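J.: Take this structure first; my questions come after.
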Amino acid sequence: MIEVQNLTKKYGSHTALDNISFNVDKGMIYGFLGPNGAGKSTTMNIMTGYIAATSGTVKINGFDILKEPEKAKKHIGYLPELPPVYQDMTVREYLKFVSEIKQVKKSERAGQINEAMEQTGVADVQGRLIRNLSKGYRQRVGLAQALIGQPEVIILDEPTVGLDPKQIIEIRELIKSLGKKHTVILSSHILSEVSAVCDHIMIISKGKLVASDTPEGLMTLMKGGKQLEISVLGERQEFEKILGSMESVDEYRLDDTAENGELHAIVHFDAEQDIRKELFYRLAASDMPIMSMKLSEKSLEDVFLELTGDGADEAAADEAAADEMADSDTAVEAAEMSDDGGEEAKADESDI
């Protein structure tokens, strides 16, 4: 469906993207995850033809986005971080305008507009001016325009930024429903959003693709994917002997500040194994009662932090200097929403 090969983007001496490659298969929801300024928006903009790469290629259904832009873009629906809507148009007027720009056949325009409005839940506000809509509804209108032309691929850049919790849940459910008919690619720096929506995750850090796998695969790839917190009564030397003799145990750490005669340990072990049963029987044979036992797995957040490491702030500053202003725009818009949110909510209540 999409082939990205050796993609590099430089702004002077700064490298925003550093030779990344990946493929996107049909019928899945993909997530670009990374710190602010890591290169997500740059990747999106190159994939959709908004900016040119310094080197490398992007092919959409076999069409090079730079050499055959019209043919490639017919297969893409794009929602930038700030929805590209015209405030003085009604929802229907705007979608009609988009269908003309995308050269949808006249006989199919009304049907596609109605279908897009139904899919995104904006049919009930189709006669309202877009400027009078809430942020959540404007985001839905932006999604509707991306669906006009019935593209196979929907690309969404930070689709839930600036929304309230209820709107975020609604947009996530909408994205999941779109994944039934389209291949969806979304970028985000919100871990919960990506893990809740995406089938496959690509983590970008400092312009490099550092991981590409399913959410479950990413967690099991990391060393020490599972850990056991356990407290027992008994002799420290015997406890260490039991833990050290178990093949599935990668490492363990005993707490020297244990109280009430208890020995506390954090045990890291093979993610494919579960050592609780074996450990129980070994401790019982040594007459060491278990006072507590808690199994925990490394979260997606742990994986994200481990893969991206330090320096995310430095990368963000560099990309901002390279004219990557998406995050700054989001901050300004969020501040404006905070100031004007009460008036906007009153306008919505009076209009709907």
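J.: What dipole magnitude, in Debye to the nearest 20, does segment 223-297 give about its Cα centre under +1 on Lys/Arg Cβ and -1 on Asp/Glu Cβ?
T.: With only Lys, Arg, Asp and Glu charged at Cβ, the dipole is about 140 debye.
J.: Taking 0.36 nm per intervening residue step and subtracting the Cα-Cα distance, what contour gain separates Arg276 from Asn61 on full extension?
T.: On the way: separation 215, 0.36 × 215 = 77.40 nm, distance 4.92 nm.
Value of the extension gain: 72.5 nm.
J.: Distance in nm between label sites at Arg236 and Glu68, each 7 Å beyond Cα in the beta-carbon direction?
T.: About 7.1 nm, to one decimal.
J.: In whole Å, largest first, what are the principal axis extents of the Cα atoms in segment 223-297?
T.: Each principal axis gives a Cα extent; for segment 223-297 these are 32, 25, 18 Å.
Read-outs throughout are calculated quantities, based only on the coordinates presented, and are distinct from any laboratory measurement. None of the values given here were measured: they were computed from a predicted structure. Ideal geometry is used to build each Cβ from the backbone, glycine not excepted, and the neighbour counts take in all protein chains shown.
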